[in-house]
Each structure stands twice: as C-alpha cells, then as structure tokens.
Amino acid sequence: MHKVILISGSPRQDGNTMDLIRVAAEEIEAAGCETQIVSLAGKNIRACRACPNCNGSGRCAIDDGANEIFAKIAESDGLIVGAPVYFGTARGDLMNLLQRLGMYSFRHDNFLSGMVGGPIVVGRRGGHTATIQELLMFSFICGMTVCGSNYWNIVYGKGKGEALADEEGVATIRKFARNVATTILKTRG
Ligand SMILES: Cc1cc2nc3c(=O)[nH]c(=O)nc-3n(C[C@H](O)[C@H](O)[C@H](O)COP(=O)(O)O)c2cc1C
C-alpha cells in the first residue's frame, strides 16, 4: 500500500501542528493510503555539520534519531511537513531535520524526487506566508511534487486546540491531504 509520512515539527506533542497533521492523516487514510506520523516533540534534532559522512558511510553522522526518520521517508510515497511559525519562520529543529534530509536524499539516489506532499503551517498571527515559502524552497529543490488546495496551507491558532477552530484553515488542510493521496494513487504505480 502507498504510504505517507507526516512530520509534526512542534515540541508540543498534542499542539496545533499535531492536530493538523492528524487531520491530514485521517483524510489520506480515508482516500486509501497508509500514514505514519513522526513527532519532533521530545527530540533534539541538531543542525547539519557539512561533513562528508552521508556520502561515505551512508548514515548521517549525527545520531539523534534523524537517521531513523530518513529511513522511513525513503521507503514512502509522500511527505507532509507541519511547522509552527516561530518568529516568522519554521521552528529551528524542523529546519535542522529538513536540511539534513535534503542532503541525505541528494546522496541516496535523490529519493525525495517525485515524492508527493507539501507543507502545513500554523501560527498565532503572522509569518505564515514566509514560513510556507521557506518550506516550499526545500520541497522544490528536492524535486518533490507539491500539491495545492483551495487556499495556502496556513492555519491560525495559538493555544492547544485553537487551530482546529479555524474552520477555513482545517478545510484547506483536508483538501490538500486529499490531493496528496489522489496524486499518489494516480502517479506512484
Ligand atoms: C518561540 C515562539 C515564536 C513564535 N513566533 C510566532 C510568529 O512569528 N508568528 C505567529 O503567528 N506565531 C508565533 N508563535 C506562536 C505559535 O506559532 C503558535 O502558538 C502555534 O500554534 C504553535 O504550534 P504548536 O501548538 O504545534 O506548538 C510563536 C511561538 C513560539 C513558542
């Protein structure tokens, strides 16, 4: 069965990012794909050291759990990345993971290329657009097929649970997730 990995880039296990990732996963499962959620809560994902290791031994030299996440993604058809907005950008730990993932993919047959997905962004008030653009820069250079929705994948909310009250935001995420599943089923064999 086709599989989609969904990453919650928040340190809060049951925060807004995770709520939206669960909404997306529900839609994708309903459309007929398998999902697996990966949370960065409790992890401490460090920044790329620009060492040659992922080209040599194959593993990322930093043993902080990222290698295990890369392995899951490499065997999947889709990747959705959820980010809380921090100071107008995606949270640092998440960008640490993505920058290492991008380099790891380049050095492992470009496995992200052709994978289907895109970003989901949640914040209290501002910086969503810059954050979604930041995440799209990652997706496009890695050759991913990014799906759209009825609006950009941005949702408003601060305290736990608030994002689910943003009805238009949640509907946008649902439509995006369905588009991801449909595109996978049409294009990934
Ligand atoms: C360090 C920090 C910086 C933040 N910066 C922004 C910001 O620039 N713009 C914004 O709209 N919200 C900002 N927020 C609010 C979070 O994006 C918002 O609470 C979001 O829902 C958190 O997602 P989570 O519940 O998944 O952790 C910030 C929160 C923190 C902790």
Item checked: Options 32, 42; residue that is out of contact with any helix residue (DSSP H, G or I) (no Cβ under 9 Å at 6 or more places or on another chain), at positive phi and assigned to a loop (DSSP other than H, G, I, E, B) -> 42
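Residues checked against (1) closer than 19 Å to residue 5 by Cα; (2) touching a helix residue (DSSP H, G or I) at 6+ places or on another chain (Cβ under 9 Å); (3) surrounded by fewer than 20 Cβ atoms within 10 Å (Cβ to Cβ); (4) touching a residue at least 60 places away in the same chain (Cβ under 8 Å):
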site: 138; (1), (2), (3), (4): yes, yes, yes, no
site: 153; (1), (2), (3), (4): yes, yes, no, no
site: 157; (1), (2), (3), (4): no, yes, no, yes
site: 168; (1), (2), (3), (4): no, no, yes, no
site: 175; (1), (2), (3), (4): yes, yes, yes, no
site: 189; (1), (2), (3), (4): yes, no, yes, no
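Looking at residue 159, is it modelled with pLDDT of 95 or more, on the phi > 0 side of the Ramachandran plot and not aliphatic (A, V, I, L, M)?
On the way: modelled with pLDDT of 95 or more: yes; on the phi > 0 side of the Ramachandran plot: no; not aliphatic (A, V, I, L, M): yes.
Judged against the criteria, residue 159 is not a match.
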Notebook entry, point to check: So, in segment 86-106, of the ones that are crowded, with 23+ Cβ neighbours inside 10 Å and within 14 Å of the ligand (Cβ to nearest atom), which residue ends up farthest from the chain's Cα centre (by Cα)?
Noted result: 90
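Considering segment 73-85 alone, what residues qualify as being away from the ligand (no atom under 11 Å from the Cβ) and in contact with a strand residue (DSSP E or B) (Cβ under 8 Å, 6 or more places away or on another chain)?
First pass over segment 73-85, keeping only residues away from the ligand (no atom under 11 Å from the Cβ): 73-81.
Passing the criteria: 73, 75, 76, 77, 78, 79, 80, 81.
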Margin query: Restricting to segment 107-131, name every residue that is within 14 Å of the ligand (Cβ to nearest atom) and either surrounded by fewer than 20 Cβ atoms within 10 Å (Cβ to Cβ) or not in a helix (DSSP H, G or I) (or both).
Written below: 119, 120, 121, 122, 123, 124, 125, 126, 127, 129, 130
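The values are calculated or read from the model by the stated rules, or taken from the named source; none is laboratory data. Bear in mind the structure is a predicted one, so any value in this text is a computation, not a measurement. We place every Cβ from the backbone using ideal geometry, glycine too, and count neighbours over all the protein chains shown.
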